[in-house]
Amino acid sequence: MNFQNTKEFAKSIDAQDELAHYKNEFYFPQHNNKDVIYFTGNSLGLQPKITKNYVNEVMDDWANMAVEGHFYSEKPWWDYHERFCNPLAKIVGAKPSEVGVMNTLTVNLHLLLVSFYQPKGKRIKILCEEKAFPSDQYMLQSQVKFHGFAPEDAIVEIKRREGELTTRQEDILAKIEELGDELALVFIGGVNYYTGQVFDMKTITAAGHKAGAIVGWDLAHAAGNIELNLHDWQVDFAAWCSYKYMNSGPGNASGYFVHEKHHTNKDLNRFAGWYGHNKERRFLMEPNFDAVEGANGWQVSNLPILSLAPYLATVEMFAEVGMEKLIAKRNLITSYLEFILHEIDKEIDGTEFEVITPSNQSERGCQLSVYLHGQGKELFTYLMQNGVITDWREPNVIRLAPVPFYTSFEDIYNFGQILKQGILSK
């Protein structure tokens, strides 16, 4: 498409966008009595207007039925989590039996590593990417310490080449081959939170398996953003938060995936709890654990229904639209944002915006991470003070995420004009 840096062009594309009306289905913070331009769905998604209905339904059932709501509410609480299996399976490319919801992201990763990080002999090492999200780093460090290893001995980071901002796939594959029978686990963020780089999960998973390792993924920035085929890629396990692209609310419940090939493996360790026990006999209060078949057998505690309600609202919205349409708009609107950034570059002497996110659409989602050469944090502050909510990462990067559910092409054009004024006002 031949993009133009005009409001008329942006409006014309919005008029053709079959998802445009979903923008009205979300609440926006206000700036001067107008909706802000919201580019931080990669950190916390906006609230869908239907969310309150789902939460109020639970509150009403609790008020009117109390404990009986577990079995007699319209959506009984005792199996409320099972409503996620079909829609989540479509979002992440899994079988319904392979996905579930519980806890929060890092908690779930810890629970999954109980099963999937089992170092033996010299096969003790975990391979991860340089500058992984800090919570993943802390989680991995504590896991290897729990097994009696020093992080510097057991954790291997894939380094970016000097002067490069993203990670080369050939370096990941070479390191997997080099580690060979010392490698216990490959664990990488499917989309790097800082650069927005999407990793080739299919190829990396296959390479990890060839080396005899387990392969898992943190999909915090991937679920609801990029195409995933976890089952077909033979991924062993994965987990993701629900409050970024999936709009379920701050710190809300996490989704997780366990490939069906592991469901009946009795040799896997597992931290068991009541809600992972055989559903049909759960209330017999039996003394010995008998896991539910499938990913739900990794459940531990009674589910937090008030947290799941907002997540169910947005998961059903995803089911209504489908990932194919969201990805098609994502590709177009992210490309338009990239175009606008380069146009502002051309219009103002001495300005250079370096997009460090790969330009290849197969290597990015809807996030563009931008180095502000010649600019400082004052430009970020100007944007925030003028109705553009974006995200700053040291030393000099802003992250921009035009989420297809609620970002318009006119938003992108207007952002460009505010950005230009911010630079000229210095």
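The values are calculated or read from the model by the stated rules, or taken from the named source; none is laboratory data. Note that this is a predicted model, so its numbers are computed, not measured. No Cβ is skipped: glycine too gets one built from the backbone with ideal geometry, and neighbour counts run over all protein chains shown. Heads up: the accessible areas ignore ligands, DNA and RNA and are worked out on the full protein's heavy atoms, side chains in. Shrake-Rupley method; radii C 1.70, N 1.55, O 1.52, S 1.80 Å.
Take the stretch 90-106 and flag every residue that is within 19 Å of Asn252 (Cβ to Cβ) and either assigned to a helix (DSSP H, G or I) or not hydroxyl-bearing (Ser, Thr, Tyr) (or both). Spell out the reasoning first.
Step one: list which residues in the stretch 90-106 are within 19 Å of Asn252 (Cβ to Cβ), which gives 91-92, 99-106.
Matches in the stretch 90-106: Ile91, Val92, Val99, Gly100, Val101, Met102, Asn103, Leu105, Thr106.
Those residues that are of a type in the set (A, V, I, L, M), over 16 Å from the mean Cα position of the chain (by Cα) and not in a loop (DSSP other than H, G, I, E, B), I need them from the stretch 313-369; list them, please. Don't jump to the end; show me each part of the working.
Step one: filter the stretch 313-369 for residues of a type in the set (A, V, I, L, M), giving 313, 315, 317, 319, 321, 323, 326-328, 332-333, 337, 340-341, 344, 348, 355-356, 368.
Pick out the ones that are also over 16 Å from the mean Cα position of the chain (by Cα) and you get 313, 317, 319, 321, 328, 332-333, 337, 340-341, 344, 348, 355-356.
Selection gives Ala313, Met317, Ala319, Val321, Ala328, Leu332, Ile333, Leu337, Ile340, Leu341, Ile344, Val355.
Which residues, taken from the stretch 170-188, are under 18 Å from Ile214 (Cα atoms) and open to solvent by 20 Å² or more (accessible area, probe 1.4 Å)?
First pass over the stretch 170-188, keeping only residues under 18 Å from Ile214 (Cα atoms): 172-188.
Within the stretch 170-188, Leu173, Ala174, Lys175, Glu177, Glu178, Asp181, Glu182 qualify.
Looking at the stretch 383-420 only, could you name the residues that are under 23 Å from Glu354 (Cβ atoms), open to solvent by 10 Å² or more (accessible area, probe 1.4 Å) and either in a helix (DSSP H, G or I) or of a type in the set (Lys, Arg) (or both)?
Passing the criteria: Met384, Arg393, Asp411, Tyr413, Asn414, Gln417, Ile418, Lys420.
Any chance the stretch 111-120 includes a residue that's part of a strand (DSSP E or B), open to solvent by 60 Å² or more (accessible area, probe 1.4 Å) and closer than 26 Å to Val144 by Cβ? It would help to see each step written out before you state the result.
Let us first name the residues in the stretch 111-120 that are part of a strand (DSSP E or B), namely 120.
Okay, now just the ones that are also open to solvent by 60 Å² or more (accessible area, probe 1.4 Å), so 120.
With closer than 26 Å to Val144 by Cβ added as a condition, the list becomes 120.
Yes, because at least one residue in the stretch 111-120 is part of a strand (DSSP E or B), open to solvent by 60 Å² or more (accessible area, probe 1.4 Å) and closer than 26 Å to Val144 by Cβ.
I'd like the residue in the stretch 370-382 that is part of a strand (DSSP E or B) and not hydrophobic (A, V, I, L, M, F, W, C) and, out of all such residues, is farthest from Gln197 (Cα to Cα).
So in the stretch 370-382, the residues part of a strand (DSSP E or B) come out as 370-373.
Filter once more, so that each one left must be not hydrophobic (A, V, I, L, M, F, W, C): 371, 373.
Numbers: Tyr371: 14, His373: 20 Å.
Applying the filter and picking the extreme gives His373.
Go through the stretch 124-160 and give me each residue that's farther than 20 Å from Trp298 by Cβ and touching a Gly at 6+ places or on another chain (Cβ under 7 Å).
Glu129, Ala132, Phe133
I'm checking my understanding of the structure. Among residues of the stretch 16-41 that are of a type in the set (Ser, Thr, Tyr) and open to solvent by less than 30 Å² (accessible area, probe 1.4 Å), which one is nearest to the chain's Cα centre (by Cα)?
Looking only at the stretch 16-41, we keep the residues that are of a type in the set (Ser, Thr, Tyr), and these are 22, 27, 38, 40.
Narrowing further to those that are open to solvent by less than 30 Å² (accessible area, probe 1.4 Å): 22, 38, 40.
Details: Tyr22: 20, Tyr38: 17, Thr40: 13 Å.
Of everything passing the filter in the stretch 16-41, Thr40 is nearest to the chain's Cα centre (by Cα).
Could you list all residues from the stretch 208-235 that are outside any loop (DSSP other than H, G, I, E, B), buried (at least 20 other Cβ atoms within 10 Å of the Cβ) and not aromatic (Phe, Trp, Tyr)? Give the steps one after another, and end with the answer.
To start, the set of residues in the stretch 208-235 that are outside any loop (DSSP other than H, G, I, E, B) comprises 208-210, 214-218.
Next cut, buried (at least 20 other Cβ atoms within 10 Å of the Cβ) only: 208, 214-218.
Scanning the stretch 208-235 gives Gly208, Ile214, Val215, Gly216, Asp218.
Within the stretch 316-373, work out how many residues are of a type in the set (A, V, I, L, M, F, W, C) and in contact with a strand residue (DSSP E or B) (Cβ under 9 Å, 6 or more places away or on another chain). Walk me through it before giving the result.
First, the residues of the stretch 316-373 that are of a type in the set (A, V, I, L, M, F, W, C): 317-319, 321, 323, 326-328, 332-333, 337, 339-341, 344, 348, 353, 355-356, 366, 368, 370, 372.
Checking which are in contact with a strand residue (DSSP E or B) (Cβ under 9 Å, 6 or more places away or on another chain) leaves us with 317, 337, 341, 344, 353, 355-356, 366, 368, 370, 372.
So the count comes out to 11.
Which residues, taken from the stretch 372-382, are surrounded by fewer than 17 Cβ atoms within 10 Å (Cβ to Cβ) and touching a residue at least 40 places away in the same chain (Cβ under 8 Å)? Steps first, please.
Step one: of the stretch 372-382, the residues surrounded by fewer than 17 Cβ atoms within 10 Å (Cβ to Cβ) are 373-374, 376-378, 381.
Passing the criteria: only Glu378.
Name, by its number, the condition in (1) modelled with pLDDT of 95 or more; (2) exposed (fewer than 15 other Cβ atoms within 10 Å of the Cβ) that does not hold for Phe339.
All conditions pass for Phe339, except number (2).
Would you please name the residue that is farthest from His342 (Cα to Cα), looking only at residues in the stretch 1-16 that are outside any loop (DSSP other than H, G, I, E, B) and hydrophobic (A, V, I, L, M, F, W, C)?
Taking the stretch 1-16 and keeping what is outside any loop (DSSP other than H, G, I, E, B), we get 7-16.
Checking the rest, the ones that are also hydrophobic (A, V, I, L, M, F, W, C) come to 9-10, 13, 15.
On the way: Phe9: 17, Ala10: 16, Ile13: 19, Ala15: 24 Å.
In this case the residue turns out to be Ala15.
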